[in-house]
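J.: I'd like to ask some things about the structure below.
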Amino acid sequence: TPAALALLGGSVAALVVWKWLGKKTVRKKMEEARRTRDEGMKKMAKAIQQFREQVPSVQRDAILSLPLLELTGRLQEGSLSPRTVLYTYLEKALEVTQQTNCLRHFIPECEEQLQEIERHTEKGLLYGIPVSIKDHISHKGHLATCGLVQCLGTLMEEDSVLVKVLKRQGAIPFAMTNVPQSLFSYDCSNPIFGQTLNPFNPQKSPGGSSGGEGALIAGGGSILGIGSDMGGSIRLPSSFCGLCGLKPTAERLSQCLAHPSAQGGCLLLSHTVPCALGPMARDVDSLALCMKALLCQDMFQLDPTVPPIPFNEKVYSSSTPLRVGYYDTDGYFPLPPCMRRAVKETRRALQAAGHQLVLFSPPRVPYVMTELFLKTFYADGGRSWLDVFTGDIVDPLLKPQVNSCKMPRLVKKLLALLLKPLVSPYVAMISTCRSVKEMWNHHHQIQVYRSQFITQWKELQLDVVLCPVLGPAFTTGYPGKLITAISSTMLYNVLNFPAGIVPVSTVTEADEEELKLYKGCCNDPWDRTLKQAVSGGVGLPVAVQCVALPWQEELCLRFMKEVETLSRDT
């Protein structure tokens, strides 16, 4: 009837107006957040200028070139002042963010922390060291946005345990860095603060989700940063940006008051595939010093869920030859030739240095990716993750993932059949856990896989494993098209093993030529997309991944140090 049609038309019009008003409110909040950030940048630029006028003789380049261990030595002995170091890094960070958009904002309270450490006679292990922290790690009085508009209205009421311990060790948190929207991406873009670029090449991504940290440290604007990792989010930016980064066993460092959206909006993940916080820096010694500083009584008292295991210096300093398992492909997603070359060259260097190398094949990686990791994330069809975008504007780089989740189950089934099953995320999307019993069974399958993996490791009597990591840096926009390419890092999140990244080489012209012949698994759309993602990478960093058994962070770092030393000698 005309009345019914009129009513329907009116309802549709009302819905359109309501949606338009909602989008307008969201845009207004985003503009406000950008304005607040820009004002903070201007204030900090003014403070830096004032410092430059007061102390015009600062040897800026000399300070910025000091490795962390040398810088801590100079600060401890008093030949450099914490104020000089802080303002030198503030100035450099401002330059780097102008080129890469890596900062979410400066932390103005760094001035208060500076005064606090100057008052104390006792100097902590990180006395006077400026430290950058990832967006979602809570700092009192600041936002933890995860690139989401819904998080813009809530200021953190206290520091996370990690930030408290850093401060007690004399460090000065000075900046919070940009992240991809929802953190479940290894690009680095969100609709509020925009896209972060790779400091080596503005066409390339810095990786994610700790991409702001990667860009800031690689650009020289920070000497030490704290990131988080639940699928490679410390290790991928370290690989893309040529840094050293460590994903510890998840429970080794406190996660108290890291913002819950750190779980990518899917809290199911945190129980089976836990998120780990860890350090990122320019060398392995910096990571070791950071771990040593964090693994102290303060952390164990502030967070009783952290096992009270102090840093084992003896293991880190040891020079006993190691028994090293190695592989250059996981049998799931073949990596570009340069990443496999890096493993082969490192293997040869380790062998020549007297270590024992044993071929190791990680069991059933395709099963781990589709049945264990992605099925964990899509256990509810991705609904928990989609919920975090309610009333938000989805970042263009995330739209492929979001749209895939929104597809009806039947469409996902058809796509899973039509597309290559080996790396099709649609396979995982239809493998949802449809009951509590199925979910418990899924948890059990992860435990069984961990046991099998450890048994295989022990049978070969391995100390550590050398393996590839995804890289070199992707062109921006490509990570969202290749979520399943991160099997190299994701494996060790499922296993909850400590794993670190060490840059060992750079992409050569010969690598670029060899890439033209790359066929991947079956020269299908995914393989061709990977080829496009990494092409044009001459000069970009090339890294390897080093792995140890759970709770053996010191051994992992010791192995990383060995790899770093050998790569610098060649």
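The values are calculated or read from the model by the stated rules, or taken from the named source; none is laboratory data. Values in this document were obtained by computation on a predicted structure and should not be read as measured data. Every residue, glycine among them, receives a Cβ derived from its backbone with ideal geometry; neighbour counts consider all protein chains shown. Ligands, DNA and RNA are excluded from the accessible area calculation, which covers all protein heavy atoms including side chains. Shrake-Rupley method; radii C 1.70, N 1.55, O 1.52, S 1.80 Å.
J.: Residue check, residue 324 against (1) outside any loop (DSSP other than H, G, I, E, B); (2) farther than 21 Å from residue 365 by Cβ, all met but one. Which one?
T.: (2)
J.: Separate question: Across segment 83-105, what is the total count of residues that are open to solvent by less than 10 Å² (accessible area, probe 1.4 Å) and out of contact with any Cys (no Cβ under 7 Å at 6 or more places or on another chain)?
T.: Number of matching residues: 9.
J.: Considering 286, 254, 317, which residue is under 25 Å from residue 545 (Cβ atoms) and either modelled with pLDDT under 95 or open to solvent by 40 Å² or more (accessible area, probe 1.4 Å) (or both)?
T.: 317
J.: With respect to residue 181, determine if the residue is over 23 Å from residue 294 (Cβ atoms) and surrounded by fewer than 24 Cβ atoms within 10 Å (Cβ to Cβ).
T.: no
J.: Which of the residues belonging to segment 158-211 are hydroxyl-bearing (Ser, Thr, Tyr) and under 30 Å from residue 123 (Cβ atoms)?
T.: Passing the criteria: 160, 177, 210.
J.: Okay, moving on. What are the residues in segment 82-91 that are closer than 13 Å to residue 58 by Cα and not polar (S, T, N, Q), if any?
T.: Of everything in segment 82-91, those that are closer than 13 Å to residue 58 by Cα and not polar (S, T, N, Q) turn out to be 82, 83, 85, 86, 87, 89, 91.
J.: Which numbered condition in (1) of a type in the set (Gly, Ala, Ser); (2) touching a Gly at 6+ places or on another chain (Cβ under 9 Å); (3) in a loop (DSSP other than H, G, I, E, B) is the only one that residue 221 fails?
T.: If we test residue 221 against (1) of a type in the set (Gly, Ala, Ser); (2) touching a Gly at 6+ places or on another chain (Cβ under 9 Å); (3) in a loop (DSSP other than H, G, I, E, B), just (2) comes out false.
J.: Looking at (1) surrounded by fewer than 16 Cβ atoms within 10 Å (Cβ to Cβ); (2) touching a residue at least 40 places away in the same chain (Cβ under 8 Å), can you tell me which one residue 349 breaks?
T.: That leaves (1) as the condition not met.
J.: So, one more: Yes or no: segment 327-339 includes at least one residue that is open to solvent by 30 Å² or more (accessible area, probe 1.4 Å) and in a helix (DSSP H, G or I).
T.: no
J.: If I filter segment 469-487 for residues that are over 17 Å from the mean Cα position of the chain (by Cα) and within 21 Å of residue 324 (Cβ to Cβ), do I get at least one hit?
T.: No, every residue in segment 469-487 fails to be over 17 Å from the mean Cα position of the chain (by Cα) and within 21 Å of residue 324 (Cβ to Cβ).
J.: Hey, another quick one. When you look at residue 26, is it open to solvent by 30 Å² or more (accessible area, probe 1.4 Å), out of contact with any Phe, Trp or Tyr (no Cβ under 7 Å at 6 or more places or on another chain) and not small (Gly, Ala, Ser), yes or no?
T.: Judged against the criteria, residue 26 is not a match.
J.: Shifting gears a bit: List every residue pair whose Cβ atoms sit under 7 Å apart, with the two residues 6 or more apart in sequence or on different chains, where the first one lies in segment 519-536 and is not assigned by the TED database to the domain that holds residue 241 and the second, anywhere, is among the basic types (Lys, Arg) and open to solvent by 50 Å² or more (accessible area, probe 1.4 Å).
T.: Note: pairs meeting the criteria are 527/519; 529/481.
J.: Please enumerate the residues belonging to segment 58-82 that are of a type in the set (S, T, N, Q), in a helix (DSSP H, G or I) and open to solvent by 40 Å² or more (accessible area, probe 1.4 Å).
T.: If the condition is that a residue be of a type in the set (S, T, N, Q), in a helix (DSSP H, G or I) and open to solvent by 40 Å² or more (accessible area, probe 1.4 Å), then 76 is the only one that fits.
J.: Has segment 545-562 got at least one residue that is more than 30 Å from residue 313 (Cα to Cα) and open to solvent by 60 Å² or more (accessible area, probe 1.4 Å)?
T.: Looking through segment 545-562, none of the residues is more than 30 Å from residue 313 (Cα to Cα) and open to solvent by 60 Å² or more (accessible area, probe 1.4 Å).
J.: I want to confirm something. Restricting to segment 362-394 and keeping residues that are assigned to a loop (DSSP other than H, G, I, E, B) and in contact with a Lys or Arg (Cβ under 8 Å, 6 or more places away or on another chain), which single residue is surrounded by the most Cβ atoms within 10 Å (Cβ to Cβ)?
T.: Per the criteria, the residue is 381.
J.: Now a separate question. Based on this model, can you work out whether residue 189 counts as more than 30 Å from residue 81 (Cα to Cα), open to solvent by 10 Å² or more (accessible area, probe 1.4 Å) and at pLDDT 95 or above?
T.: yes
J.: Would you point out which residue out of 351, 356, 401 is of a type outside the set (Ser, Thr, Tyr), within 24 Å of residue 196 (Cα to Cα) and either modelled with pLDDT of 90 or more or in contact with a helix residue (DSSP H, G or I) (Cβ under 7 Å, 6 or more places away or on another chain) (or both)?
T.: Only one candidate passes the filter, namely 401.
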